[in-house]
Each structure stands twice: as C-alpha cells, then as structure tokens.
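First the structure, then my questions, so here it is.
The values are calculated or read from the model by the stated rules, or taken from the named source; none is laboratory data. Just so you know, these numbers come straight off a predicted model, no measurement behind them. Positions of Cβ are generated from backbone atoms using ideal geometry, with glycine treated the same way; all protein chains shown enter the neighbour counts.
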Amino acid sequence: MPFGRFSTPPPPPPAPATTDLAFLTAMISTAVVGLLVIQCIFISRRKARALQPSPAVVRRSMSFCSAACADGPMPDHAKMSPQDPIINAVVLFEGEAPTRAAVETAILPLFKFERFRSRKVKIHDEWYWELLPSFDTKMHVIEESFQGVDMDDLFRQLEVWSKKPLHVPTEAPPFEFALLRNESRRGPSAVICRVNHAIGDGVSLANLIPYVFKGLDGQSLPTKEKFSRRETGFMPTLRNPFTLLASFFKVLGTPSTAFDTDVGLTIPDKKQITFTGRRSIVRIPTVKLSFIKSVKNAAGVTVNDVVFAALAGAVHRLRVAMQDPVMTDPLSGSKVRTRALMPVALPRKVGDTVRGLRNKWSFASVNMPIGVKGSLERLHAAHATTTALKNSPIVMVQNMVETLVGARLPWSVAKQTAYDTFVRHTFVFSNLPGPDVPITFAGKEVSGLYMVFANLLPQVGALSLNGRIFTCLVLDEEVTPGARDLGKYFIDELMDLADRTGLNVKKEDILG
C-alpha cells in the first residue's frame, strides 16, 4: 500500500530478545568484576597500610624480648595470670599518700619517652609500638582506699595488686600508677608504678627515677650514667672463638639441662609447675648498705654477692630447721643443685626518648649455693659464680641467640623454650641500685622502695635507697611452709658472715 498523507508506516521489527539479555549480562559482569577489583585494591591497600603506616602513624617494631613480653612470655599451660608480665615498683610513704593531682603532675615527664605515649599493636603475628597522637594522661592514675595500721596491712593490699592486670584499656599505653590511700591516717600508704615489661627492663625503669623523683629540696636528682658506656668496650671476650662456641652450646642446652634439687620452693614435680595464683610477698628486714659494704670489703666480693649469698643461706637455714634430709645429710652439699635466673642488663643509651627505654637484657643461669655448708663458703661460692659470669660472653651470646634465632621461631616454640628454662631453676633474682640520697615523689618523702613481680618461679627483688636495701620475695606459701621465717634467717646469715669476716657488729648495726 503506498504511503499517503494519512497513511501509517509499519512498526519496526522487534529487537531480538538475545540482545537485551546480552546487554544485561555484560552490565552485571562488569559490575561484579569492578567490585572484585575494588575489593582487591582495598584489601591490598589495607594490608599495605598495616605494614607501612601512613605518615600520620608512627610505628616501630619491637625487639624480640619486648615482643615476648607483649605477647605473654609463657605458654597457656603455665596458667600465668595476668598473662602480661607486670613490673610493680612500690613507693612507700610513712603516713598520708600524695594527692591524685600531685601524682598526675609528677608523672608528666614520663611522656617525653615514646613508649609511654605508645600502644602495643600486633599485625600479622608481629608486635609494634604505635605512637598515639593524643590520649588522656589522667586515666593512667587510679586510686583505691584501704584501712590499715601497719606494713602487714599494706602488703596484703599489694599482694592483691601484684596479680591484677592493668586497668587501662588495651588501646592505651600499657602502664598505670595505683594510689593506695590509707584511710586510717595512722599507717603507711603507697603508690604502685605498674608497667608492662614490654616497655622496658629494670635498668630502663631505674633510669627514669630522676625524671619523676626529686630530692628533699625539690631539686631534680642527677641522672645515673652507669649504663651509658659504649657497647664496643663491653665485649672483649667475644673475640675468642672457642669461648664463644662453648657459650653458644651452653645457651642452647639450658632448656634441656637437669632439674634443680627440690628445696621446698617449687612443687617437687617441676615438669608440672604452673602459676597457682597464690602469691605472698615476704619482706626481708631492711638492712644498712654500709654494713653490706663492710662485709663486701672484708671478704673481697661485691654487694650483689653478699645479698645473693645471704638469701641462699636463708633458704639453707630454713630447710635445716625443717629437717630436710637434703640439707642435714653431711654429704649433701655436693649433691644439691640449685640455680637462679639472674637478669643481666646490657649497655644502652641513657636519656634518649626513643631508645632510652629498652628490653636489652638476658637471663643468666647461675649456681645458687643453697646446698653449700657455711656462710663464708656460700659467699665465696657466689662470688666465684658471678666473677665467672662477668668474664664470660654467655650473656651476650644468649642475647644474640634470642635476637637472631628466637625471633624467627613460632611463638608457641619460643614460649615453650622459656617455660622449659624456668622450671629447671629455683629462683629469679634481681638486684638494682637506687638513689643514695633521700627522695620525694609527688611532694611526699619516700620511706621505701620495693620491686614486686609475680612470676612462675619465686622472685627476689632487691632495691637500694638512701643507704638501705629493700628486699622481698614473691612466692607461694602453700608450696613453701615457713617462708615468713626467711627474713629472720637472712639476718642470721649476715650476722654469721660478720663474725667470720672479723666484723664486730650487733643486730642493730645491720638493720636499716
């Protein structure tokens, strides 16, 4: 039919259905592929940001020792609680404690150091310090009241606190200051500086004393430079390849050596040692540093030797009093094998706000002369052990093995190795020098300093302050009956040492 003015053109032929379906399929496929590409890019960028933080995030990798403390150094079957190792530095006051505001002000200098402004983060099984741009510094001071009339009442509170995890949230720097206010106003009070061991070792924390403590005149204390020596001058024995090789094999063999003799400080079946949660703080009577130095000079040893040997003697006397056949047998001395893990700090810079806080140390396995008969003989045995340690590269080798080998092991293997090493020993012994002058904290004069650490093994902490040595043991009294008598036996050992070295002293000349 011809088209006319009023004619209607025929409709166009319909498009094939397959055209619409192909277009729709193409659109969906493009969208799906696009989403997958975007997701892959997002994930890859997220991982890249985790491993390589943006310029706004400052993140520093932890050393193996710090990372082990951050992750928890013991395997789950050790039942450590809390899992994180918390160092408790106890600052004592004769009467009323400082105010919360004064404590908040006193700790402000700590925030100069990066680790006191950083949180722990774990990324792909690796631990880092992540610097926080801002956080509430006041949340690091907590306050609790109690009623007490003497040191025993206070230390019962400290026993509870020594087993508590930190109260600060996990996204905050891992430390806090606990202000224990005695409401009775007649007994002692305390402030506990509670620091995750990942922040630093004992030497690092001791080097912070001039930043937060002051003299009686309100002036700052001088900074100790004891550990600021150059590392290259500390390693002459590393040049002997035979000594290095012997130390290397000794370090590797320590986790599989024979177990120590049972002297009533741990459960007899040492393979089953766990953290029971029962921990008491046994205070050793405070002694005068001048007396310890008199014994040191008379015997030709060191202050550390005297304290270490006197502690071994106290345990020996306790076991004799309990008629332990291991000690009462005349031939037992050569059969008794007891060792202590002694943390030895390695040289580091002092005052560096980035590297000033370190975990640069290793445990040394040292013989503890609990089985040796005679106070002077125990002292000479302790001196021989520590002298050999100072002339040996074993601590440096131990640290290198931990850094180069331990850091590349799975955490489960590293933790089991730490456990196997611990349970073969009897004690952990730590001794640190403090200020030799009176000090104040937050405007109040300090009457004493204690280091309290709830460990898998009985832990000894000795700190000196203003001419006195403050020593305590943290242990399980159910495992060690009579542990409260160790203080008495410690003084008896010192009295015997004074007599045998020709010192004419009375007990009041010893007690600080």
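Please pick out the residue among Val366, Val301, Val395 that is in the same structural domain as Gly487 (by TED's automatic domain parsing), in contact with a Lys or Arg (Cβ under 7 Å, 6 or more places away or on another chain), at pLDDT 90 or above and surrounded by 19 or more Cβ atoms within 10 Å (Cβ to Cβ).
Val366
I've got another one for you. Have a look at Gly434, Gly512 and point out the one that is surrounded by fewer than 20 Cβ atoms within 10 Å (Cβ to Cβ), among the small types (Gly, Ala, Ser) and in contact with a Leu (Cβ under 8 Å, 6 or more places away or on another chain).
Gly512
Which residue pairs have Cβ atoms under 6 Å apart, sit 6 or more places apart or on different chains, and have a first residue in the stretch 286-309 that is free of Cβ contacts under 8 Å to residues at least 12 places away in the same chain and a second that is surrounded by fewer than 19 Cβ atoms within 10 Å (Cβ to Cβ) and in a helix (DSSP H, G or I)?
Listed by first residue and then by second, the contacts come to Lys296/Val303.
Follow-up question, since we're still on this one. Only one of Leu341, Leu265 is within 30 Å of Thr403 (Cα to Cα) and not aromatic (Phe, Trp, Tyr). Can you tell me which? Reasoning before the result, please.
On the way: Leu265 fails: within 30 Å of Thr403 (Cα to Cα).
Unique residue meeting the criteria: Leu341.
To continue, here is another question. Can you run down the residue pairs with Cβ atoms below 7 Å, 6 or more apart or on separate chains, where the first is in the stretch 142-162 and not assigned by TED's automatic domain parsing to the domain that holds Gly277 and the partner is surrounded by fewer than 17 Cβ atoms within 10 Å (Cβ to Cβ) and hydroxyl-bearing (Ser, Thr, Tyr)?
Final answer for the pair search is Gln147/Ser184; Gly148/Ser184; Val149/Ser184.
Next question, about the same structure. In the list Phe275, Phe249, Phe291, which residue meets the criterion of being assigned to a helix (DSSP H, G or I), surrounded by 14 or more Cβ atoms within 10 Å (Cβ to Cβ) and either at pLDDT 90 or above or in contact with a His (Cβ under 7 Å, 6 or more places away or on another chain) (or both)?
Phe291
Okay, moving on. Of (1) of a type in the set (A, V, I, L, M); (2) surrounded by fewer than 18 Cβ atoms within 10 Å (Cβ to Cβ); (3) at pLDDT 90 or above, Ala407 satisfies all except one. Which?
(3)
Still on this structure, I have one more. For Thr254, are the conditions met, namely being over 23 Å from the mean Cα position of the chain (by Cα), buried (at least 16 other Cβ atoms within 10 Å of the Cβ) and of a type in the set (Val, Ile, Thr)? So that I can check it myself, show each step before the final result.
Values: over 23 Å from the mean Cα position of the chain (by Cα): no; buried (at least 16 other Cβ atoms within 10 Å of the Cβ): yes; of a type in the set (Val, Ile, Thr): yes.
Against the criterion (over 23 Å from the mean Cα position of the chain (by Cα), buried (at least 16 other Cβ atoms within 10 Å of the Cβ) and of a type in the set (Val, Ile, Thr)), Thr254 does not qualify.
Looking only at strands (runs of 3 or more DSSP E) that fall completely inside the stretch 353-452, which ones have 3 or more residues that are within 24 Å of the chain's Cα centre (by Cα) and farther than 28 Å from Val326 by Cβ?
448-452
Return the pair list, or none, for Cβ contacts closer than 8 Å from residues in the stretch 171-199 that are on the phi > 0 side of the Ramachandran plot to residues that are not small (Gly, Ala, Ser), at least 6 apart or on different chains.
Short answer, once both residue conditions are applied: Arg185/Glu96.
Would you tally the residues in the stretch 258-293 being more than 20 Å from Ala310 (Cα to Cα), of a type in the set (A, V, I, L, M) and in contact with a helix residue (DSSP H, G or I) (Cβ under 6 Å, 6 or more places away or on another chain)?
Counting residues in the stretch 258-293 that are more than 20 Å from Ala310 (Cα to Cα), of a type in the set (A, V, I, L, M) and in contact with a helix residue (DSSP H, G or I) (Cβ under 6 Å, 6 or more places away or on another chain) gives 1.
Working only within the stretch 86-113, note down all residues that are surrounded by 20 or more Cβ atoms within 10 Å (Cβ to Cβ) and closer than 21 Å to Asp201 by Cβ.
Across the stretch 86-113, the qualifying residues are Ile86, Ile87, Asn88, Ala89, Val90, Val91, Ile107, Leu110, Phe113.
Can we say Gly371 is within 30 Å of Asp84 (Cβ to Cβ) and either hydroxyl-bearing (Ser, Thr, Tyr) or in contact (Cβ under 8 Å) with a residue 24 or more places away in the chain (or both)? Spell out how you get there, then give the answer.
On the way: within 30 Å of Asp84 (Cβ to Cβ): no; either hydroxyl-bearing (Ser, Thr, Tyr) or in contact (Cβ under 8 Å) with a residue 24 or more places away in the chain (or both): yes.
For Gly371, the condition - within 30 Å of Asp84 (Cβ to Cβ) and either hydroxyl-bearing (Ser, Thr, Tyr) or in contact (Cβ under 8 Å) with a residue 24 or more places away in the chain (or both) - is not met.
Which residues, taken from the stretch 147-189, are of a type outside the set (Asp, Glu), within 20 Å of Pro98 (Cα to Cα), in a loop (DSSP other than H, G, I, E, B) and touching a strand residue (DSSP E or B) at 6+ places or on another chain (Cβ under 8 Å)?
Within the stretch 147-189, Gln147, Gly148, Pro188 qualify.
What do you reckon, is Lys164 surrounded by 15 or more Cβ atoms within 10 Å (Cβ to Cβ) and either among the acidic types (Asp, Glu) or modelled with pLDDT under 95 (or both)? So that I can check it myself, show each step before the final result.
Values: surrounded by 15 or more Cβ atoms within 10 Å (Cβ to Cβ): yes; either among the acidic types (Asp, Glu) or modelled with pLDDT under 95 (or both): yes.
When the stated conditions are applied, Lys164 passes them.
Applying the selection to the stretch 489-512, what residues are assigned to a helix (DSSP H, G or I) and without any contact (Cβ under 8 Å) to a residue 60 or more places away in the chain?
Met495, Asp499, Lys507, Glu508
Evaluate the stretch 142-153: report whether one residue or more is more than 19 Å from Tyr450 (Cβ to Cβ), surrounded by 22 or more Cβ atoms within 10 Å (Cβ to Cβ) and modelled with pLDDT of 95 or more.
no
Which of the helices (runs of 4 or more DSSP H) found entirely inside the stretch 1-115 contain at least 1 residues meeting this: of a type in the set (Ser, Thr, Tyr) and at pLDDT below 50?
Values: elements: 17-51, 64-71, 100-106.
Ranges flagged: 17-51.
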